[in-house]
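The values are calculated or read from the model by the stated rules, or taken from the named source; none is laboratory data. All figures in this text were calculated on a predicted structure; none of them were measured in a lab. Note that we place each Cβ from the backbone using ideal geometry, even for glycine, and neighbour counts take in every protein chain shown.
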Amino acid sequence: MKKILLCFACGIFLLSCNSDKENTAATATTDSTAKSTVDMPYTASYSSNFTTDISDADLKMVLMTYKDWENNNMSGLEAGLADTVLVYFSTGDTVLLPKAGIIKLFTTFRDSLSSVKIDMGGWHKMYAPDKKDAFIVTWYDETDTYKNGKVDSASYHDINQIKDGKIIWYAQYKRPKK
């Protein structure tokens, strides 16, 4: 009888421990959705409220532009661009051109390459509900082989702004590999 009571007491003890874990998990979930009370050293001038509420179709469209660049498919890349695109190149140059002008620039540079290899490290969907702006950010390594045999490789971080299923703004940041 003592063994049965001991087993019963242990069972009740274990059940009471599990319910505390459930309560803690519920509290943590509630706390994580509440506004942060941590005093941040900066206030975001654009937005600090981002979600991942962007369609997989938009993500695929952006990633296909990279695949089209890699495969020298300029008509495929063109399909992902809006009528006018603002581009911030990693060189510091900025252009705002119609789609045809952007494709002309891209084609001129791509024609100097015999091959491009992209190792896509990752991407993230970022939607700012307060601004109603959608972005796909990417991180990747690219190795370019020029027609003269020169090989150039770098790590990139790009920001692609999407509107109505097309890229309207593109910014590229580059760190050359050694």
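Can you confirm whether Lys177 is farther than 30 Å from Ser48 by Cβ, charged (D, E, K, R) and within 23 Å of the chain's Cα centre (by Cα)? Criteria met by Lys177. Residue pairs whose Cβ atoms lie under 9 Å apart, sitting 6 or more positions apart in sequence or on different chains, and linking a residue in the stretch 143-157 that is at pLDDT below 95 and surrounded by 15 or more Cβ atoms within 10 Å (Cβ to Cβ) to a partner that is among the β-branched types (Val, Ile, Thr) and assigned to a loop (DSSP other than H, G, I, E, B), do not occur here. Within the stretch 101-140, take every residue that is under 30 Å from Ser45 (Cα atoms) and acidic (Asp, Glu) and give me the one that is farthest from the chain's Cα centre (by Cα). The residue in question is Asp130. A residue that is farther than 19 Å from Asn71 by Cα and without any contact (Cβ under 8 Å) to a residue 40 or more places away in the chain occurs somewhere in the stretch 162-176.
Screening the candidates Leu113, Leu86 for the property of being closer than 16 Å to Ala171 by Cβ, surrounded by 14 or more Cβ atoms within 10 Å (Cβ to Cβ) and either at pLDDT 95 or above or among the acidic types (Asp, Glu) (or both) yields one hit, Leu86.
If you take the residues of the stretch 90-142 that are charged (D, E, K, R) and free of Cβ contacts under 8 Å to residues at least 12 places away in the same chain, which of them is farthest from Ser75 (Cα to Cα)? This residue is Lys132.
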